[in-house]
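Heads up: the structure comes next, in structure tokens.
The values are calculated or read from the model by the stated rules, or taken from the named source; none is laboratory data. These figures come from a predicted structure and were not determined experimentally. No Cβ is skipped: glycine too gets one built from the backbone with ideal geometry, and neighbour counts run over all protein chains shown.
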Amino acid sequence: MADARLYAPAALRNREPIRDVLRDCLPPAGTVLEIASGTGEHAAYLAEQFPALTFQPSDTDPASLASIAAWRDSTGAPNLLAPLTLDVRERPWPIAAAVAVLCLNMLHISPWAAGLALLEGAAALLPAGGLLYLYGPYRRGAETEASNLAFDAQLKARNPHWGLRELDEVLATAAAHGFACAAVHPMPANNRSLILRRR
């Protein structure tokens with residue numbers, strides 16, 4: 001049988017810095033929902049790194065869901081659940097509870113309506129103090145890095161509804177949905193980790 005696992009070179013490069021940030025903000029136990037898990041590499045890696053937590057990956061793309069399942073099978077991590085088909089725009093989400101929601105590299109390759117749905121859904125799902133972790137590149141007004149400006153232009157050429165979101169706008173919109181910004185961490189390759197807590 002062919003191996004359904006997909007590989008993203010960036011996932012191997014950024015998984016340890018992401019783990020290091022999450023080590024300081026994930027709760028000690030409970031279910032962690034990952035939105036738009038993509039290849040499934042991050043879910044498989046983080047499940048091994050945080051064995052006391054249960055990781056629930058999700059996606060909408062059939063090839064991604066197959067890859068996530070294959071990564072789960074290859075690791076055999078008992079705390080990594082089978083992937084859910086989850087579109088953030090469809091409510092209710094097919095999960096009863098979670099202590100944290102992770103979303104890596106989705107906001108810039110989806111319409112902003114999906115970002116709004118992510119914030120709304122996470123606010124409905126998470127308890128007070130629950131973690132919403134957003135990772136990816138952002139625009140930062142005049143301080144936006146040249147590489148991120150070029151990436152933004154490439155994305156918009158592919159799809160006018162895609163593109164890097166303004167960091168201040170993301171944080172303000174998150175605040176309007178009941179999230180407080182606990183920290184913004186600079187990450188490799190001009191990415192940022194946003195640590196948001198449900199009020």
* **Residues (on the phi > 0 side of the Ramachandran plot and surrounded by 17 or more Cβ atoms within 10 Å (Cβ to Cβ)) located in the stretch 137-189** => 163, 178
* **Residues satisfying the stated conditions in the stretch 59-76, i.e. at pLDDT 95 or above and among the β-branched types (Val, Ile, Thr)** => 60, 68
* Meets criteria (among the hydrophobic types (A, V, I, L, M, F, W, C) and in contact with a Lys or Arg (Cβ under 9 Å, 6 or more places away or on another chain)) for residue 119 -> no
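Yes or no: residue 115 within 13 Å of the chain's Cα centre (by Cα), at pLDDT 95 or above and closer than 19 Å to residue 15 by Cβ? Don't jump to the end; show me each part of the working.
Numbers: within 13 Å of the chain's Cα centre (by Cα): yes; at pLDDT 95 or above: yes; closer than 19 Å to residue 15 by Cβ: no.
No, not satisfied.
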* helices (runs of 4 or more DSSP H) enclosed by the stretch 109-199 - at least 2 residues per element that are in contact (Cβ under 8 Å) with a residue 60 or more places away in the chain -> 112-125
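Within the stretch 82-91, does at least one residue satisfy the condition of being among the aliphatic types (A, V, I, L, M), buried (at least 17 other Cβ atoms within 10 Å of the Cβ) and over 14 Å from the mean Cα position of the chain (by Cα)?
The initial filter retains those residues of the stretch 82-91 that are among the aliphatic types (A, V, I, L, M), namely 82, 84, 86, 88.
Add one more test, that the residue is buried (at least 17 other Cβ atoms within 10 Å of the Cβ), and what stays is 84, 86, 88.
Those still in the list that are over 14 Å from the mean Cα position of the chain (by Cα) too: 84.
The answer is yes, given that some residue of the stretch 82-91 is among the aliphatic types (A, V, I, L, M), buried (at least 17 other Cβ atoms within 10 Å of the Cβ) and over 14 Å from the mean Cα position of the chain (by Cα).
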* To do: Please name all residue pairs, on different chains or six or more residues apart, with Cβ atoms under 8 Å, provided the first residue is in the stretch 7-19 and is at pLDDT 95 or above and the second residue is of a type in the set (A, V, I, L, M) and exposed (fewer than 15 other Cβ atoms within 10 Å of the Cβ).
  => 14/189
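Yes/no matrix, rows are residues, columns are (1) over 18 Å from residue 118 (Cα atoms); (2) of a type in the set (A, V, I, L, M); (3) not in a strand (DSSP E or B):
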residue: 15; (1), (2), (3): yes, no, yes
residue: 22; (1), (2), (3): yes, yes, yes
residue: 44; (1), (2), (3): yes, yes, yes
residue: 67; (1), (2), (3): yes, no, yes
residue: 73; (1), (2), (3): yes, no, yes
residue: 88; (1), (2), (3): no, yes, yes
residue: 92; (1), (2), (3): no, no, yes
* All positions within the stretch 80-108 that are within 20 Å of residue 26 (Cβ to Cβ) and without any contact (Cβ under 8 Å) to a residue 24 or more places away in the chain -> 96
* Asked: Which condition breaks for residue 30 when tested against (1) farther than 19 Å from residue 95 by Cα; (2) surrounded by 15 or more Cβ atoms within 10 Å (Cβ to Cβ); (3) touching a residue at least 60 places away in the same chain (Cβ under 8 Å)?
  -> (1)
* Can you pull out the residues in the stretch 8-20 that are surrounded by fewer than 17 Cβ atoms within 10 Å (Cβ to Cβ) and either touching a strand residue (DSSP E or B) at 6+ places or on another chain (Cβ under 6 Å) or closer than 13 Å to residue 48 by Cβ (or both)? -> 16, 19
* Among the residues of the stretch 42-54, is there at least one that is of a type in the set (Val, Ile, Thr), under 15 Å from the mean Cα position of the chain (by Cα) and surrounded by 17 or more Cβ atoms within 10 Å (Cβ to Cβ)? -> no
